[in-house]
Ligand SMILES: [Ca+2]
Ligand SMILES: [Ca+2]
């Protein structure tokens, strides 16, 4: 009898279990259907699961059994490379502040891009609350502009502003040169010159998963 056979089988077994990611999980919906995969993203409403062949399935959280819903609640998606440890996760995105005294808008935007993100798109009051908390009363760039058509404000993905949080009397387009939005100390928005050196001390970067 070959004594090395049990050892060979053990190695084979260990090899087999090690290819299965530790974060993989069997998900069960209320009607008993199951799917096996690794969670990669979530919002309040849904969780996105990557299955073995790489496909992603987004499942409404309310369709899952209670144990799975609880798991999603307490779970945070993996931070992509470059996302700092103190970043905040909200509705499918990570947000983080970078401080850089008197930073111009192009420098801030280029740094965000190099890190695989973009200056934050503040499309909802909930995101406003996230970025305002991160800013902590300092003046920071976010990701909107009316550079293409004066008065037509858009986020970096081309979506027009729906939610806005302008400070009273803004945007002013002062001297015809203000095409970029930032948070004032109050958290309200102002349009400003992209090379403005006046007290802008940072920027908020967003990574959409
Ligand atoms: Ca303008
Ligand atoms: Ca202004």
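A short reminder: the numbers here are calculations on the coordinates, not readings from a lab. Because the structure is predicted, anything quoted here is derived from the model rather than measured. Counting neighbours? That spans all protein chains shown, and the Cβs are built from the backbone with ideal geometry, glycine included.
Some values worked out for this structure:
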{"read-out": "Gain on full stretching of the segment that runs from residue 167 to residue 81 - 0.36 nm per residue minus C-alpha separation", "value": "27.5 nm"}
{"read-out": "The stretch 172-203-the stretch 49-87 distance, computed between alpha-carbon centres (Å)", "value": "36 Å"}
{"read-out": "Angle between the chain longest axis and helix 125-135 axis [Cα atoms, degrees, rounded to 10]", "value": "80 degrees"}
{"read-out": "Relative contact order [Cα under 8 Å, 6+ residues apart], the chain, whole percent", "value": "20 percent"}
{"read-out": "Pairwise label distance in nanometres, residue 24 with residue 159, each label 7 Å out on the Cα-Cβ vector", "value": "3.4 nm"}
{"read-out": "Residues of the stretch 162-188 with amide N under 18 Å of the 7 Å Cα→Cβ point at residue 88", "value": "164-166, 182-188"}
{"read-out": "Theoretical ellipticity at 222 nm over the chain - DSSP helices of four or more residues, -39500 (n - 2.57) apiece, nearest 500", "value": "-6500 deg cm²/dmol"}
{"read-out": "DSSP bridge orientation in the chain - percent antiparallel, rounded to nearest 5", "value": "90 percent"}
{"read-out": "Within the stretch 30-63: backbone nitrogen closer than 16 Å to the residue 124 label point (7 Å, Cα to C-beta)", "value": "41-48, 59-62"}
{"read-out": "Kirkwood-based Rg to Rh ratio, the chain, C-alpha trace", "value": "1.16"}
